[in-house]
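Before any comments, here is the structure.
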Amino acid sequence: MIKFPKDFVWGVAAASYQIEGAATEDGKGLSIWDMFSRIPGRTFQGNTGSIACDHYHRSKEDVAMMKQLGMMAYRMSVAWPRVIPDGTGAINAKGLQFYDQLVDELLAAKIQPYITLFHWDYPYELYCRGGWLNSDSPKWFADYVKIVVEKLSDRVVHWMTLNEPQVFIGYGHHLGHHAPGVTYGMTELLRAGHHVLLAHGLGVQTIRAHSKSQAQIGYAPVGVVKMPQSDKPAEIETARHATFWVDPKNTWNNAWWMDPVFLGKYPDQGLKAYEQHLPAIKPGDMETIAQPLDFFGCNIYNGVYVRATKEGGFEEVPAKTGMDFTAYRWPVTPASLYWGPKFFYERYQKPVYMTENGLSSMDWVCLDGKVHDPMRIDFLTRYLREYARGGAEGVDIRGYFQWSVMDNFEWADGYRERFGLVYVDFPTGKRTPKDSAYWYSNVIKTNGANL
Ligand code: FCB
């Protein structure tokens, strides 16, 4: 039988820019995503998050819906330029009030808010001042964190600093597929990355210093998972090695973004791989970055099978012909929710929260008025069973946040991808819970025993 720990937290996740809309209302400043999505050709069909799910105006309805579905927790993010329109300086009271009320509504519905302080909607004004390349950027972040924490921490206990630095640095500042859409070289990337890590550390210090309750703090990088094809110890060792290996050609890895935070140092192999491009590390930087954390959060959607090469390295196993894909063409690899948490727990020894996991599928409202999404139910069942398997073997799993509570603005892919448990008809804003929403509600009720 599938078993999850007692007190396991079942939730859903979303992010400010992807659902809120109200892009210029009530004094909100512009974010890099507002600017980027307006540039012709940058997003699918020119979609923007200007209205998105209109959650800014429908938050009461959305909380009521989550309550009805039995959610225990909601991972949400705060839009920095809604709170501080220029990124630093004057505070927008109305923006802060939106989150204040949302937190009250969630708590009244017995849903615990888990707040991500930065999920990519970086203030445009700060981007114009160099953004993450500016050595003041960690301090800008910490000043913003202080405002949010002072306002909400009498009620909010769980915080995450940054969502997926690998993506907002790699896609946003290297490939240019995401906002701000620039294509820095490796040296600039790693300098920006060092500031991002410092921002995380200063952010944690700020939460600890200003929280009015006993804060529980984590981080939400991507979990880039490499998997063995069998349980043979040598194959597992190859996958473990690959999971923490740093590719000199890009910043798509775990160790560069996790080791400094959890172990207080950049990985040796990474320092070698990036030798030509290393950022200046000032005395005290690594101590700032490595603040004690309460949990290890990470987002896992899939993994890659690897095998050893004769030369002692590893290579990806060629994909099976006719492999299983989601609508996004992401591979279906349930075992990533076993191997990922296992490898991360071994290395970092922190309680694990899956801060995102899910899929986009081809959903529409059927003739009977319902949204039937059997593939989502099958996908999540497979993944959750694997997550539980790690838990049964000793990985300290504490929670799971399904991405996403509702269909939303999927960044450069706009409204093409439907990741939600709840279907959103974007022209009208109408919400329709999909079959999977009712199914997930039962998973929560039985603490996973029906899986
Ligand atoms: C993750 C992002 C999240 C969402 C999912 C599908 O990389 O954190 O905002 O777009 O992918």
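Throughout, read-outs are computed from the coordinates displayed, never taken from laboratory work. Predicted model, so just to flag it, every value in this text is computed and none were measured. Here Cβ is always computed from backbone atoms with ideal geometry, including for glycine, and neighbour counts include all displayed protein chains.
Exposure here means at most 16 other Cβ atoms within 10 Å; with GluC sites (Glu not before Pro) in a DSSP loop as sites, the longest stretch of the chain lacking them is 26-310. Measuring r between the beta carbons of residue 428 and residue 94 and using R0 = 25 Å, the FRET efficiency lands at 0.45.
Loop-located trypsin sites (Lys or Arg not before Pro) in segment 147-230 (DSSP state other than H, G, I, E, B) with a sparse environment of at most 14 neighbouring Cβ atoms within 10 Å: 212. Sparse packing (at most 14 other Cβ atoms within 10 Å of the Cβ) combined with a DSSP loop state is found for the following trypsin sites (Lys or Arg not before Pro) in segment 60-134: 110. One Cα centroid belongs to segment 344-401, the other to segment 131-190; the line between them spans 26 Å. Between the residues 10, 167, 130, the greatest Cα displacement towards the positive end of the dipole of segment 9-445, with unit charges on the Cβ of Lys, Arg, Asp and Glu, is found for 10. Defining a contact as two alpha carbons under 8 Å apart and six or more residues distant in sequence, what relative contact order in percent does the chain show? Reported as a whole number, the value is 18 percent. Cα centroids of segment 292-310 and segment 223-279: 9 Å apart. Figure legend: label point modelled 7 angstrom from the Cα of residue 368 along Cα→Cβ; residues of segment 420-451 with amide N under 15 Å from it are 433-439. Of the chymotrypsin sites (Phe, Trp or Tyr not before Pro) found in segment 209-311, no site is in coil according to DSSP while having at most 16 other Cβ atoms within 10 Å of its Cβ. Shown is the FRET efficiency for residue 236 and residue 272, computed with R0 = 22 Å from the Cβ-Cβ distance and rounded to the nearest 0.05: 0.35.
Taking a straight line from the alpha carbon of residue 310, these lysines sit under 20 Å away, with near neighbours fewer than eight places off in the same chain left out: 226, 232. Along the Cα→Cβ direction, 7 angstrom out, place labels at residue 61 and residue 287. What is the inter-label distance in nm? Calculated label separation equals 5.3 nm. The Cα atoms of segment 9-445 give a gyration tensor whose axes a ≥ b ≥ c have a/c under 1.5, which makes the shape rounded.
For residue 12, neighbours were defined as the other residues whose beta-carbon sits under 14 Å from its Cβ, and their charges (Lys and Arg +1, Asp and Glu -1) total +2. Taking a Cβ cut-off of under 11 Å around residue 293, the surrounding Lys, Arg, Asp and Glu residues balance to a net charge of +1, with basic ones at +1 and acidic ones at -1. Phi angles across segment 298-315 convert, under the Karplus curve 6.51 cos²θ - 1.76 cosθ + 1.60 with θ = phi - 60°, into 3J(HN,Hα) values of 7, 9, 10, 10, 6, x, 10, 6, 10, 8, 6, 9, 4, 7, x, x, 9, 9 Hz, Gly and Pro given as x. By DSSP, the beta bridges lying fully in segment 9-445 are antiparallel in about 20 percent of cases.
For residue 114, the residues whose modelled amide H falls within less than 5 Å of its own, excluding neighbours fewer than 5 places apart on the same chain, are 74, 75, 76.
For residue 60, a cut-off of 21 angstrom between C-alpha atoms picks up these lysines, skipping any fewer than 8 places away in its own chain: 28, 94, 110, 151, 430, 434. Count Lys and Arg as plus one, Asp and Glu as minus one, and take only other residues whose Cβ is under 10 Å from that of residue 447; the net charge is then +2.
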